[in-house]
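Novice: Please see the structure below; I have some questions.
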Amino acid sequence: MLKQRTEILAQGKVISKEVRDFVIDVIDCMHEQYPEVEDEKAVMFITHLAMAAERVSKGDIAGHIDARLFAEAYASEGYDKALEFMGKIKELTFVPFPDSEEEFLILHLCNLFCP
């Protein structure tokens, strides 16, 4: 389902082929490391990841998230897993995510990894 969603975004020219390939690598890594991840939450995360990578690759950088939201993410059960997986994403990517985009991705990952 996640790979199909990514293909649809690429076929619709919403994301580039390079972003598609990167996101598919992330999906494979996520399924390998965290097979228990819920599909509904994963769709939200993968969609955000694809759109963030596409924006950043075009030089469009999002602003920082509200500090209170990030504090909630920091205090969540999923924060450690989120940071760990963000490290994997950074190893796989061709896009240098700025801190502001990493914050958004970590927030989505916390949601993904929280029960």
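Every number here is computed from the coordinates shown, using simple stated rules; none is lab data. All figures in this text were calculated on a predicted structure; none of them were measured in a lab. Every residue, glycine among them, receives a Cβ derived from its backbone with ideal geometry; neighbour counts consider all protein chains shown.
Novice: Based on other C-beta atoms within 10 Å, arrange 64, 108 from fewest to most. Write out the running numbers ahead of the final one.
Specialist: On the way: 64 13, 108 21.
Least crowded to most crowded, the residues run 64, 108.
Novice: Relative to a virtual label point 7 Å from the Cα of residue 4 in the Cα→beta-carbon direction, which members of the stretch 41-71 show backbone nitrogen distances below 16 Å?
Specialist: Backbone N within reach: 41-44, 47.
Novice: So how strong a dipole does the chain carry about its Cα centre when Lys and Arg Cβ are +1 and Asp and Glu Cβ are -1, to the nearest 20 debye? Working shown, then result.
Specialist: Working: 12 positive and 22 negative charges, 89 e Å.
The dipole of the chain has a size of about 420 debye.
Novice: A further question on this structure: Taking the beta-carbon count within 10 Å as an exposure proxy, list 85, 70 from fewest neighbours to most. Don't skip to the end; give the middle numbers.
Specialist: Values: 85 23, 70 16.
Result, fewest neighbours first: 70, 85.
Novice: Give the distance, in whole Å, between the Cα centre of the stretch 1-50 and the Cα centre of the stretch 61-101.
Specialist: Each part reduced to its Cα centre gives a spacing of 17 Å.
Novice: Which semi-axes, in whole Å and largest first, does the equivalent ellipsoid of the stretch 2-113 have when worked out from the alpha carbon gyration tensor as the square roots of 5 times its eigenvalues?
Specialist: Details: eigenvalues 88, 59, 27 Å².
Computed over the stretch 2-113, the values are 21, 17, 12 Å.
Novice: Ok, one more. Using a 10 Å cut-off on Cβ atoms, rank the peptides 96-106, 48-58 from the highest mean neighbour count down.
Specialist: Working: 96-106: 17.0, 48-58: 19.5.
Going from most to least packed, we get 48-58, 96-106.
Novice: Continuing with the same structure: Rounded to the nearest 0.05, what FRET efficiency do residue 90 and residue 40 give with R0 = 25 Å and r taken as the Cβ-Cβ distance? Could you check? Before the final figure, lay out each step's value.
Specialist: On the way: r = 25 Å, r/R0 = 1.00.
After rounding to 0.05, the efficiency reads 0.50.
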